[in-house]
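Q: Can you keep this structure in mind? I'll have questions shortly.
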Amino acid sequence: MKGWWKSAVSRRFLLAGGLLAGGATRLMGPQASAQTNGAERLRTPHGAHGAHDGMITPGEVDYVRNGFDPHRILTDWDTGKASPLAGGRTLREFEIVAEDKEIEIAPGLMFPAWVYNGRVPGPTLRVTEGDRVRIRFQNFGSHPHSIHFHGIHSARMDGVPGAGNVLPGGEFIYEFDAIPFGCHLYHCHSVPLKRHIHKGLYGAFIVDPDPARRPEEQAAARSRVLGSPENAGWQEFVLVMNAFDTNFDDENEVYAVNSIAHAYTKRPIVIARERPVRLYLINVTEFDPINSLHLHANFFDYYDHGTTLTPTLRTIDTVMQCQGQRGILEFSFKDHEPGLYMFHAHQSEFAELGWMSLFEVRG
Amino acid sequence: MSRPLLWALLPLLLIVAVAAAFLASDPLGPFTGSAPPVEQLTIERTVLDEEGIGVRIRAGGSEPMRIVQVQVDGAYWAFNQDPHGPIERMGTAWLRIPYPWVAGEAHHLTLLTSTGAAFEHSIEVAVATPGMTAERVNFYALIGLFVGVVPVALGMMFYPALRSAGPAAFEFALALTIGLLAFLLVDTLAEGLEFAGEAAAEFHGAVLVWIPAAFTFALLMVLGRRKGEPLSGIALATSIAFGIGVHNLGEGLAIGAAFATGAAALGSFLVIGFTLHNITEGIGITAPMLAERPRLKVFSGLVALAGLPAVLGIWIGSFAFSAHWAALALGIGAGAILQVIIEVGAYLARKAREQGGSWATGTTLGGAALGVLVMYATAFLIQV
């Protein structure tokens, strides 16, 4: 007689059983009433994080132990060591090391990552169109690694097996001109590719446009150049959409922007209402073909790859990116009332697994 | 201290010394150094109520385990762990998740440990877990009576008919009892092994069934024959009632657990199915007493012994229940049933000898076959 209570669990049976067993109602009395009421009377928890209503990764991540803070990553531009070159150009030199490092990606949840300069995503490299870029890459990790830049460069500098793939303990110097301007990325291109990327070897590579080369779009170009007076009016943030497969079954357990699940839900990104916002959005999520960003209560202009100074999409509130795709979002909360404004992946699955964030508009 | 005791102490001390030396020097370190710990997790109970979802988990593996995040239906959710902190190997803890579950639908839990390992658990049909109210206790008692006590009592009503039908009917009834018990033995073992499979791996569930079965069998044989004679009459009937009682306890556990997990859409026809299925048990218990004239008190005592454990089983199964305890109880039941099979068989053979015949007649074979068949056929009523 074993098994009847097991096979009795399909919904179809429940329905059929209900029809067949008309006389069961009396026996089932107390249970039936409990069924209908239980979920409805469920109380929602109240706490410090009212906006999530229980859907959260409870606890706090130890950013000190991790060695990086997702709030600092937002605006942590690495412009390298600059020195003048003949002909008025600038040489920008960077040092990047790869290593193995365990990081905490949600409270208590450790991930055996591979990292550039101790953090995931790696440093946000920011240069200006036409700069000479020189990166000294050292591999202190346990596997071969490389840096493959999205940009225009020679085959020798491509950072793939056979060209700039660095064995453990080795080093390589990548050198190229920073073109085209835009919102780009870099990542390890050693094989197996999925594993090397999703373990954490990626970062943002932003090339600001050179206003001198674009006389007809001077104002737009200037506003993008870090350190210019026009740029100072903007609030710029880099958001790298990523995910982690903690049990290595080729499906992600945690989704986030800048690695830490719910980091910007628990502590929203503060925005001054009167100043415009520019997001450098990059998708490096593995296993899932696309990721997306949806902004609540507002619309934005979008520059795919950031390689144009006029929007490629105007007045949208959701944008999707395939793996490796990126772009620039521009919007303003000038006419909004202050408060918390959500933004998150519009794949509800990703949002509920950590890629959920808030802007706190003040002023 | 005596000499033998001293000599026994030496190897014991050496075992401790060897273990200490092994742990101190850690010779396996170079081989296991960077490997993540082995982690095991068993979900022993699930509770759905107004507060959300609660699960009792039992940790296993090589190191204390930390549950750091919980997903419900692919969404991270707030939760409380009681008691807090890492869960020791074989330790248990309750996780309470304030999740708005939906009655009648399925929910899926994923528990993540600090190493990123994910353990999954499905709630096939969400049904509010009944609280322990007086109403509830009475309701379960009612079901238990219909599953255990009513059929045994009804089966015993065949006693006068069997008694007046003569010696052939007596043999037939005993053989029928053997057939019925054979079915129960197989069924009890299978059910016990199924619970064993659900228990945490560290319990070695199958051992919890087989070894208690063997010991119970041996113990009951010794107890039954301590006066040097094989069992017969009321004593044999009592043994049968005990074996059947433990089996009905197991049946009650399963029904109660099904209620607790919401898996039981237990309609009236299922309860009546159990009643029909268990009627044969009443016939079996009275069979050895056909040559005697027991008083009514004896009958009611036997009904209680065989039938009431079903009520107890449903209570335990629905309110406090772990698979390893069920496996153990069913192992004991299997041992008890095997004992009565042997005793009833010996009794039947003895009776046949007294009458100058063989136990292997068409009547006995037919009786045994009918016993198994009736049980098998009525099992369809409770196998949905």
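The values are calculated or read from the model by the stated rules, or taken from the named source; none is laboratory data. Here the structure is a predicted model, which is why all the values come from computation and not from measurement. Don't worry about glycine lacking a Cβ; one is built from the backbone with ideal geometry, like all the others, and counts go over all protein chains shown.
Q: Does residue A:250 qualify as being among the charged types (D, E, K, R), touching a residue at least 40 places away in the same chain (Cβ under 8 Å), out of contact with any Leu (no Cβ under 6 Å at 6 or more places or on another chain) and farther than 22 Å from residue A:58 by Cβ?
A: It is true that residue A:250 is among the charged types (D, E, K, R), touching a residue at least 40 places away in the same chain (Cβ under 8 Å), out of contact with any Leu (no Cβ under 6 Å at 6 or more places or on another chain) and farther than 22 Å from residue A:58 by Cβ.
Rundown of residues vs (1) surrounded by fewer than 17 Cβ atoms within 10 Å (Cβ to Cβ); (2) among the acidic types (Asp, Glu), yes/no style:
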residue	(1), (2)
A:70	no, no
A:82	yes, no
A:85	yes, no
A:100	yes, yes
A:114	no, no
A:119	no, no
A:133	no, no
A:140	yes, no
A:149	no, no
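Q: Does residue B:96 satisfy the condition of being part of a strand (DSSP E or B), away from chain A (no Cβ under 14 Å), over 30 Å from residue B:374 (Cα atoms) and modelled with pLDDT of 90 or more?
A: Against the criterion (part of a strand (DSSP E or B), away from chain A (no Cβ under 14 Å), over 30 Å from residue B:374 (Cα atoms) and modelled with pLDDT of 90 or more), residue B:96 does not qualify.
Q: For residue B:53, are the conditions met, namely being more than 20 Å from residue A:110 (Cβ to Cβ) and either of a type in the set (Ser, Thr, Tyr) or within 14 Å of chain A (Cβ to nearest Cβ) (or both)?
A: yes
Q: Kindly provide the set of residues from the stretch A:343-355 that are in contact with a Ser or Thr (Cβ under 7 Å, 6 or more places away or on another chain) and not in a loop (DSSP other than H, G, I, E, B), ordered by number. Don't jump to the end; show me each part of the working.
A: So the first thing to find is which residues in the stretch A:343-355 are in contact with a Ser or Thr (Cβ under 7 Å, 6 or more places away or on another chain), and the list is A:343-347, A:354.
Across the stretch A:343-355, the qualifying residues are A:343, A:344.
Q: Sticking with this one: Could you count how many residues in the stretch A:153-195 are out of contact with any Pro (no Cβ under 9 Å at 6 or more places or on another chain) and among the β-branched types (Val, Ile, Thr)?
A: Within the stretch A:153-195, residues that are out of contact with any Pro (no Cβ under 9 Å at 6 or more places or on another chain) and among the β-branched types (Val, Ile, Thr) number 3.
Q: What tally of residues in the stretch A:320-348 results from selecting those that are closer than 22 Å to residue A:252 by Cα and touching a strand residue (DSSP E or B) at 6+ places or on another chain (Cβ under 8 Å)?
A: As a first pass, look at the stretch A:320-348 and keep what is closer than 22 Å to residue A:252 by Cα: A:320-326, A:343-348.
Still in the running and touching a strand residue (DSSP E or B) at 6+ places or on another chain (Cβ under 8 Å): A:320-326, A:343-347.
Of the residues in that region, 12 qualify.
Q: Within 21 Å of residue A:192 (Cβ to Cβ), away from chain B (no Cβ under 14 Å) and not hydroxyl-bearing (Ser, Thr, Tyr), is that true of residue A:162? Explain how you work it out, then say what you get.
A: Details: within 21 Å of residue A:192 (Cβ to Cβ): yes; away from chain B (no Cβ under 14 Å): yes; not hydroxyl-bearing (Ser, Thr, Tyr): yes.
Yes: the conditions hold for residue A:162.
Q: Just to verify a result, which residue in the stretch A:225-248, among those that are assigned to a strand (DSSP E or B) and polar (S, T, N, Q), is farthest from the chain's Cα centre (by Cα)?
A: Top of the filtered list is A:235.
Q: Moving on. Regarding residue A:62, is this residue over 19 Å from residue A:194 (Cα atoms) and not small (Gly, Ala, Ser)?
A: Yes: the conditions hold for residue A:62.
Q: Let me ask another. Residues that are within 23 Å of the chain's Cα centre (by Cα), at the interface with chain A (Cβ under 10 Å from one of its Cβ atoms) and within 24 Å of residue B:245 (Cα to Cα): find the helices (runs of 4 or more DSSP H) completely inside the stretch B:116-181 holding 2 or more of those.
A: Values: elements: B:134-144, B:150-156, B:159-164.
Fully inside the stretch B:116-181 and qualifying: B:134-144.
Q: What number of residues within the stretch A:315-335 satisfy the criterion of being in contact with a Phe, Trp or Tyr (Cβ under 8 Å, 6 or more places away or on another chain), in a strand (DSSP E or B) and of a type outside the set (A, V, I, L, M, F, W, C)? Write out each step before concluding.
A: Taking the stretch A:315-335 and keeping what is in contact with a Phe, Trp or Tyr (Cβ under 8 Å, 6 or more places away or on another chain), we get A:315-317, A:319, A:326-331, A:333.
Keeping just the survivors that are in a strand (DSSP E or B) gives A:315-316, A:319, A:326-331.
Narrowing further to those that are of a type outside the set (A, V, I, L, M, F, W, C): A:315, A:326-327, A:330.
The qualifying residues number 4.
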